[in-house]
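Have a look at the structure below before the remarks.
The values are calculated or read from the model by the stated rules, or taken from the named source; none is laboratory data. These numbers were taken from a predicted model, which means no experiment stands behind them. Cβ sites come from the backbone with ideal geometry, for glycine too, and all protein chains shown count toward neighbours.
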Amino acid sequence: NAGVIQTPRHKVTGKGQEATLWCEPISGHSAVFWYRQTIVQGLEFLTYFRNQAPIDDSGMPKERFSAQMPNQSHSTLKIQSTQPQDSAVYLCASSFGGGGAETLYFGSGTRLTVL
Amino acid sequence: AQSVDQPDAHVTLSEGASLELRCSYSYSAAPYLFWYVQYPGQSLQFLLKYITGDTVVKGTKGFEAEFRKSNSSFNLKKSPAHWSDSAKYFCALEAYQGGSAKLIFGEGTKLTVSS
């Protein structure tokens, strides 16, 4: 079991460029969560999927952020026109069912730096 | 409103001492509560969770936590502490609303155990 895999580990973009972050959940897990971690804001929920369907995107900045889960083996988080305030560690987590009181297993994160 | 408060941003103690990290929550229903740990340079790892039943729950690495409904707290404990326990600890509440079950994290407590 390789755990939750996130790629790339580090990404540097220029202001206004696009960034796509990838997440491969643990095999057999049906729920995938995205969080953002910064020193100032702490751990912020962004969005999550269950059985590939979007369940809750209440934490997503509406205009430039989007997430997809085209199949059960990966999810992507796309940030268009990146801004310096998007700099953060983006964490992906998966759980078995996403139904309640389930343990989340986190990936190592993608550190995004926007210059 | 749903929220988690960890009032101590930093806790420092000596190896061999007892540790207790404080967590309080605000939630209108019966809570599911979690503790996660983040070692330097690593991602979050699950420690333990409270669902129902016994108010003292035991987790990995010798940690336990006590749920107190009377004051809406879920404090993490370990005795004795070891230098390897130095890390950042996050308390989390599972917030359930409209079919969405997501974790809301506190700001975290950075624990330093000196040898």
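Brief remarks follow.
- Residue check for B:Ser24: touching a Ser or Thr at 6+ places or on another chain (Cβ under 7 Å), small (Gly, Ala, Ser), at pLDDT 95 or above and within 29 Å of A:Asp56 (Cα to Cα): yes
- Selection from the stretch A:60-87 of residues that are within 14 Å of chain B (Cβ to nearest Cβ) and either among the basic types (Lys, Arg) or part of a loop (DSSP other than H, G, I, E, B) (or both): A:Met60
- Candidates are the residues of the stretch A:28-43 that are under 17 Å from A:Tyr90 (Cβ atoms) and surrounded by fewer than 18 Cβ atoms within 10 Å (Cβ to Cβ); the one that is nearest to the other protein chains (Cβ to nearest Cβ) is A:Gly42.
- Among residues that are surrounded by 18 or more Cβ atoms within 10 Å (Cβ to Cβ), within 11 Å of another protein chain (Cβ to nearest Cβ) and closer than 13 Å to B:Tyr89 by Cβ, B:Tyr36 is included.
- Residues in the stretch B:99-115 that are in a strand (DSSP E or B) and facing another protein chain (nearest Cβ under 8 Å): 6 in all.
- Residues of the stretch A:88-115 that turn out to be within 7 Å of chain B (Cβ to nearest Cβ) and either part of a strand (DSSP E or B) or closer than 16 Å to B:Lys49 by Cα (or both), as a count: 8
- Where a residue in the stretch A:62-79 is at pLDDT 95 or above and its partner, wherever it lies, is outside any strand (DSSP E or B), with Cβ under 6 Å and at least six apart: A:Arg64/A:Gln80; A:Arg64/A:Ser81; A:Met69/A:Gln52; A:Ile79/A:Arg64; A:Ile79/A:Asp86
- The residue that is nearest to A:Trp34 (Cα to Cα), among those in the stretch B:45-55 that are within 11 Å of another protein chain (Cβ to nearest Cβ) and modelled with pLDDT under 95, is B:Ile51.
- Once the stretch A:1-52 is narrowed to residues that are in contact (Cβ under 8 Å) with a residue 40 or more places away in the chain and acidic (Asp, Glu), the residue that is nearest to A:Leu104 (Cα to Cα) is A:Glu24.
- Top-ranked residue of the stretch B:98-115 - restricted to ones that are in contact (Cβ under 8 Å) with a residue 24 or more places away in the chain and not hydrophobic (A, V, I, L, M, F, W, C), ranked as surrounded by the fewest Cβ atoms within 10 Å (Cβ to Cβ): B:Ser115
- When residues of the stretch B:60-98 are limited to those that are among the basic types (Lys, Arg) and not in a strand (DSSP E or B), the one farthest from the other protein chains (Cβ to nearest Cβ): B:Lys69
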